[in-house]
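Have a look at the structure below, then the notes.
Bear in mind that the values in this text are calculations on the coordinates, not laboratory data. Note that the structure is a prediction, hence the values are computed from the model and not measured. Ideal geometry is used to build each Cβ from the backbone, glycine not excepted, and the neighbour counts take in all protein chains shown.
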Amino acid sequence: VTLRQAPPVLRAVDYDRLVYDRKRQATKAAREKRERGGGAISDRQVKEFKFRAGIADHDLGRKTANMMRYLEKGHAIRVTLTARRRSLNSDADAIQTTLDRVKELVGDLAVEARGMKANDRKSFGSLLLHPSKK
């Protein structure tokens, strides 16, 4: 531990244990930072919720309730919407309709970080939401 003493005093260390302890300390520090609310969204997890176009009201309510719980904890949310061909035949904007319903239910808890990305056929869409500042 000290080399200036005569004779020098050293400590034998188990290297694997040292690496393990440093990793645990880093994990603990990151967890405490998250709990204090420090750091950017990139430090937090992005939770993904998948919806089908034309989802039933009850199912949509359950999923958005879970979304709101994660938003309150400070997680970012990725909403992925998919549509089958038959649902697109009855409603050409099925993806957008479902997305509007999700936004309406989430309300002021979330802010759009990135607008909806969709493929050419409008059968797939993705949206990123960040928790709103309180």
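Anything over 21 Å Cα to Cα? Flag those among Lys73/Lys133; Lys23/Lys133; Lys50/Lys133; Lys33/Lys103; Lys103/Lys133, in the order listed.
Values: Lys73/Lys133 12 Å; Lys23/Lys133 32 Å; Lys50/Lys133 25 Å; Lys33/Lys103 29 Å; Lys103/Lys133 17 Å.
In this structure, Lys23/Lys133; Lys50/Lys133; Lys33/Lys103 lie more than 21 Å apart at Cα.
Relative to a virtual label point 7 Å from the Cα of Asp59 in the Cα→beta-carbon direction, which members of the range 92-110 show backbone nitrogen distances below 19 Å?
Residues 92-106 fall inside that zone.
Under a 5 Å amide H to amide H cut-off, with H placed in plane at 1.01 Å, what residues pair with Ala53 once short-range neighbours are removed?
Amide H neighbours of Ala53: Thr82, Ala83, Arg84.
Please compute the modelled spin-label separation between Asp21 and Arg114, points set 7 Å along Cα→Cβ, answer in nm with one decimal.
4.2 nm
With the crude spin-label approximation of a point 7 Å out along Cα→Cβ, what separation in nm comes out for Glu104 versus Thr2?
Going from the Glu104 label point to the Thr2 one covers 7.4 nm.
Out of residues 5 or more away from Gln45 or on other chains, whose amide H comes under 5 Å of its own, with H placed 1.01 Å from N in the peptide plane?
Excluding prolines and chain starts, which carry no amide H, the hits are Ala76.
Between Lys73 and Arg34, how many nm apart are label points set 7 Å from Cα along the C-beta direction?
Once both label points are built, they end up 0.8 nm from each other.
What's the extension gain from Glu48 to Asp93 if we count 0.36 nm per residue and subtract their Cα-Cα distance?
On the way: separation 45, 0.36 × 45 = 16.20 nm, distance 2.19 nm.
Stretched fully, the Glu48-Asp93 segment lengthens by 14.0 nm.
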